[in-house]
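Visitor: Attaching a single structure in structure tokens format; questions to follow.
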Amino acid sequence: MKNLLRRFSYVSHTHKFRTTMTIRKIVLQVTTLFAAAGAQAQNPNIQTIYTADPADPINNKLKMNTASKSIFTLVFAIIFSLVSISTLSAQTVWLDQLDLSPVTQGWGVPKKNRTVDDNIMTIAGKTFERGFGTHAESSLFIQLDGKANSFTAQVGIDDEVIGRHPAVEFIVYGDGVKLWSSGVMYDGDTARLCNVKLLGVKKLELRVTDGGNGDSSDHANWADAKFEAVGVASFTTYYPVPSEPYILTPKPSAKPKINSASVFGVRPGSPFQFRIPATGDRPMTFQVTGLPQGLMADQKTGLITGKLEKAGTYVIQLKAKNAKGIAEKSLRIICGDKIALTPPMGWNSWNCFAHEVSGEKIKRAAEVMVKTGLINYGWNYVNIDDYWQNNRDSKDPSLLGKLRDEAGNIVPNKRFGDMKSLTDYVHGLGLKIGIYTSPGPWTCGGCAGSYGYERQDAETYAKWGFDYLKYDWCSYGGAFNGIPDNDPNKVISISYNGGYQLSTAVKPYKIMGEYIRQQPRDIVFSMCQYGMSDVWKWGDSVGANSWRTTNDILDTWSNVKAIALAHEQSAAWSKPGNWNDADMLVVGTVGWGSLHPSRLKPDEQYLHVSLWSLFSTPLLLGCDLEKLDDFTLNLLTNDEVIAVNQDALGKQATCVQTIGDLRIYVKELEDGSRAVGFCNFGLEKVDISYKDLEKLGISGKQKVRDLWRQKDITTIHADKEALSVKVPMHGVILYKFTPVK
């Protein structure tokens with residue numbers, strides 16, 4: 001029995017606690033039974049266990065009495081049970097057998113047994129058949145419930161991104177405690193063994209973080225990843241943030257309310273178009289007093305049009321009236337060098353339609369912007385992204401045709417046709433319209449770019465009537481030293497080469513910026529080059545009105561979080577006419593041609609919109625406007641949140657304090673108040689009594705208003721009292737602090 005106990009003592013060190021205790025109890029029962037049997041054999045008054053059978057002298061068989069048979073039957077049953085338990089405990093569960101859909105990652109989608117780019121997983125030349133390909137920042141939560149002994153994997157950066165300078169760190173958390181870390185890994189590093197004991201762990205997180213140099217090309221592999229499980233064949237994966245949408249903002253009043261910014265910029269001689277955005281019951285009429293010479297207002301639509309020939313500042317009074325009341329507001333028109341004096345608001349086709357965009361879809365988007373009432377909150381740009389041009393190698397006949405005509409003019413593809421007719425239609429709805437191209441010979445999607453035709457294209461866009469140009473780096477990295485062998489087909493569609501050399505980064509945008517500025521109409525110039533060479537420091541010098549600060553956004557928490565954290569470095573350069581662009585909003589139904597509801601949870605969407613408003617970034621929707629649900633529409637029509645974004649002071653919020661995972665962002669507003677976002681980046685609810693208002697620049701008696709709920713919550717003496725702050729995981733509380741005199 002000592003040997004039996006020793007054998008299962010080994011089991012007790014290698015299997016789960018509960019299984020171990022069960023085995024120990026069974027072994028103790030066996031020991032007790034054997035002891036009883038021994039006592040029985042030594043008692044002369046009790047029949048012995050074994051007796052010779054006198055009837056069978058040849059075989060001299062031993063026979064057990066009834067009690068002895070019971071004991072040995074039980075012993076063999078116990079041994080069989082122990083073997084079964086041991087076998088069950090050692091069951092392997094491969095990571096690629098689990099549901100990976102709850103994964104949140106920085107780019108792409110999680111892949112089973114493949115890389116993010118859908119290749120065979122390869123780390124430093126070694127291939128792996130099984131595993132999970134992801135992209136930093138990445139997180140996968142797994143419910144173990146104490147039923148796993150261990151987790152093992154070979155981790156590393158995939159060879160498909162060698163030379164792109166990726167860097168990541170693999171981390172394993174158990175019940176919120178860091179159990180293992182790979183340290184920072186780089187492309188070319190050999191795979192590192194992850195071997196983690198999981199005794200008693202209920203919740204596991206597999207995380208891949210950026211290695212400190214940005215998350216571009218951080219393709220990470222959990223290769224040969226598996227669990228040694230206890231009595232289960234699989235595990236449940238999950239995402240810990242609640243999924244149920246909830247509406248915070250009350251419905252707008254039936255009375256009129258004017259929701260415009262307090263300032264509007266235009267250049268002398270440019271066509272003037274400004275529609276008074278106002279909520280309230282229709283019919284509604286509009287009146288404008290103090291209009292300078294050259295402008296006129298339509299009383300039915302609230303559309304102000306015309307031209308201002310003379311530079312200067314003009315203050316006009318806007319009035320909206322319906323059966324329920326009257327609303328009034330002042331508007332300061334600044335006619336001068338600067339336009340886009342508040343961040344542009346509107347919609348862009350890419351995150352919704354991608355390569356499937358068409359003229360008809362643009363018209364429908366414009367119509368829905370009016371029908372849903374988004375126009376009444378200031379959403380007014382309808383922007384065409386890539387694929388309005390002909391493509392160099394598409395198999396879709398609607399994208400094939402001449403790239404340019406004999407005179408060198410860009411030719412729209414068959415899906416668009418007459419661009420002037422399209423812009424007239426959108427303008428007729430009281431909206432504005434934007435277009436897209438690249439300084440390289442090709443756009444990112446392989447359509448015709450503007451390389452060598454910059455002046456001609458700028459003139460064409462103005463003649464067509466466009467109000468906005470997104471200028472995307474794309475293929476310019478393969479052409480900044482000229483077209484190889486004068487053959488554009490030798491230039492790839494996307495190359496970052498040259499983007500991190502200041503002179504090279506500036507050159508193409510300076511060229512187009514000058515040509516745009518020469519046009520007889522205002523065109524907002526939006527640079528898209530992903531923040532290379534600290535574009536926020538020089539974007540204004542090339543005539544740009546906004547510039548992207550990071551790579552493209554995705555509808556995942558890790559991506560939105562990474563952009564938010566990276567975006568802050570540009571804050572000092574934000575001002576009227578110059579906006580740091582954190583990329584489009586990923587709320588509603590998105591999908592880049594493969595539509596699905598945003599993967600951001602409701603709390604994450606509230607945080608996303610709050611931060612973008614605090615950041616004074618252009619607010620451009622990327623969702624299918626024809627599929628707006630009540631939650632998304634409510635999210636996009638809170639006039640008080642939008643007012644934070646459109647504040648005329650033009651400052652960008654910065655994080656002035658962190659408390660654990662709580663980041664507190666503060667934005668100064670034109671009226672002397674402050675917008676404060678208590679942003680919870682963590683997975684635990686925040687419930688604190690906050691006493692550091694002076695660190696936020698807030699002192700004295702203050703009225704505190706909850707902007708999402710549009711409700712005054714308290715009046716507080718900031719120097720003496722604490723403020724109760726309760727923030728859901730990955731959520732936000734957005735307050736406005738207004739001094740009380």
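What follows draws every value from the coordinates through simple rules; no lab data is involved. Quantities reported herein were computed from a predicted structural model and do not represent experimental measurements. Cβ placement follows ideal geometry from the backbone for every residue including glycine, while neighbour counts extend to all protein chains displayed.
Visitor: At a Förster distance of 45 Å, what's the computed FRET efficiency of residue 671 paired with residue 517, Cβ-Cβ distance as r, to 0.05? Mind dumping the intermediate values first?
Guide: Values: r = 33 Å, r/R0 = 0.72.
Computed FRET efficiency for residue 671 and residue 517: 0.85.
Visitor: Count the lysine pairs in the stretch 257-335 that are 8 or more places apart or on different chains: how many have C-alpha atoms under 18 angstrom apart?
Guide: Number of lysine pairs found: 11.
Visitor: Moving on. Over the chain, what is the relative contact order in percent, taking alpha-carbon pairs closer than 8 angstrom and at least six residues apart? Write down the numbers at each step before the final one.
Guide: Details: 1775 pairs, mean separation 67.2, N = 741.
Value for the chain: 9 percent.
Visitor: OK, next. Between residue 363 and residue 254, what length comes free when the chain is fully extended (0.36 nm per residue of separation minus the Cα-Cα distance, one decimal in nm)?
Guide: Values: separation 109, 0.36 × 109 = 39.24 nm, distance 2.87 nm.
Taking 0.36 nm per residue and subtracting the Cα distance, the gain is 36.4 nm.
Visitor: May I pose another question? With a point put 7 Å past each Cα toward its Cβ, work out how far residue 92 is from residue 311 in nm, to one decimal.
Guide: Roughly 7.5 nm, to one decimal.
Visitor: Could you tell me whether the stretch 218-326 comes out rounded, prolate or oblate from its Cα gyration tensor? Rule is a ≥ b ≥ c as square roots of the eigenvalues, rounded for a/c under 1.5, then prolate if a/b exceeds b/c, otherwise oblate. Please report the intermediate quantities before stating the final value.
Guide: On the way: a/c = 5.83, a/b = 2.33, b/c = 2.50.
Oblate shape, in that a/c is at least 1.5 and b/c is the bigger or equal ratio.
Visitor: Residue separation times 0.36 nm, minus the C-alpha to C-alpha distance between residue 687 and residue 195: what's the value? Intermediate values should be presented prior to the final figure.
Guide: On the way: separation 492, 0.36 × 492 = 177.12 nm, distance 3.60 nm.
Extra length from residue 687 to residue 195 when fully extended: 173.5 nm.
Visitor: So if I place +1 on the C-beta of Lys and Arg and -1 on the C-beta of Asp and Glu, and nothing else carries charge, what would the dipole magnitude of the chain be about its Cα centre? I want it in debye, nearest 20.
Guide: With only Lys, Arg, Asp and Glu charged at Cβ, the dipole is about 1920 debye.
Visitor: Mind listing the long-range amide H neighbours of residue 389? Cut-off is under 5 Å, sequence gap 5 or more, other chains count too, H placed in the peptide plane at 1.01 Å from N.
Guide: Distant-sequence amide H within range of residue 389: 413.
Visitor: Please compute, for the alpha-carbon atoms of the chain, the extent along each of the three principal axes and give them in descending order in Å.
Guide: Answer, in whole Å and largest first: 131, 71, 42 Å.
Visitor: Might you report the magnitude of the Cβ-based charge dipole of the stretch 508-583 about its Cα centre, with Lys and Arg at +1 and Asp and Glu at -1, to the nearest 20 debye?
Guide: Values: 7 positive and 9 negative charges, 43 e Å.
The dipole magnitude comes to about 200 debye.
Visitor: Now a separate question. What cysteines in the chain have no other cysteine with a beta carbon less than 4.7 Å from their beta carbon?
Guide: When partners are defined as cysteine Cβ atoms under 4.7 Å apart, the chain leaves 194, 335, 352, 447, 528, 623, 655, 679 without one.
Visitor: Once fully extended, how much extra length lies between residue 694 and residue 724, figured as 0.36 nm per residue of separation less the alpha-carbon to alpha-carbon distance? Please list the in-between numbers first.
Guide: On the way: separation 30, 0.36 × 30 = 10.80 nm, distance 1.54 nm.
Full-extension gain reported as 9.3 nm.
Visitor: Of 675, 181, 357, which is farthest towards the positive pole of the chain's charge dipole, taken about the Cα centre with +1 and -1 on the beta-carbons of Lys, Arg and Asp, Glu respectively?
Guide: The residue sitting farthest along the positive end of the dipole is 675.
Visitor: Determine, for 111, 178, the number of other Cβ atoms within 10 Å of each Cβ, and report the residues in order from fewest to most.
Guide: Listing 111, 178 from fewest to most nearby Cβ atoms yields 178, 111.
Visitor: Shifting gears a bit: Could you give the nm distance between label points at residue 324 and residue 575, where each point is 7 Å from its Cα heading toward the beta carbon?
Guide: So the two model labels end up 4.1 nm from each other.
Visitor: Please report the projected area of the stretch 92-238's Cα convex hull averaged over all directions, in nm². Show your work: numbers first, answer last.
Guide: Values: hull surface 29.2 nm².
Answer in nm², one decimal: 7.3.
Visitor: Further question: With the cut-off at 1.5 for a/c, could you classify the stretch 666-734 from its C-alpha gyration tensor as rounded, prolate or oblate?
Guide: Working: a/c = 1.71, a/b = 1.41, b/c = 1.21.
Note, shape of the stretch 666-734 comes out prolate.
Visitor: Which listed residue (538, 494, 476) has the Cα farthest towards the positive end of the charge dipole for the stretch 450-559, taking +1 on Lys and Arg C-beta and -1 on Asp and Glu C-beta about the Cα centre?
Guide: Of the candidates, 538 comes out farthest on the positive side.
Visitor: Then there's this: Only four residue types carry charge here, +1 at the Cβ of Lys and Arg and -1 at the Cβ of Asp and Glu. Report the dipole size of the stretch 578-665 about the Cα centre in Debye, rounded to the nearest 20.
Guide: On the way: 5 positive and 12 negative charges, 51 e Å.
Result for the stretch 578-665 is approximately 240 debye, rounded to the nearest 20.
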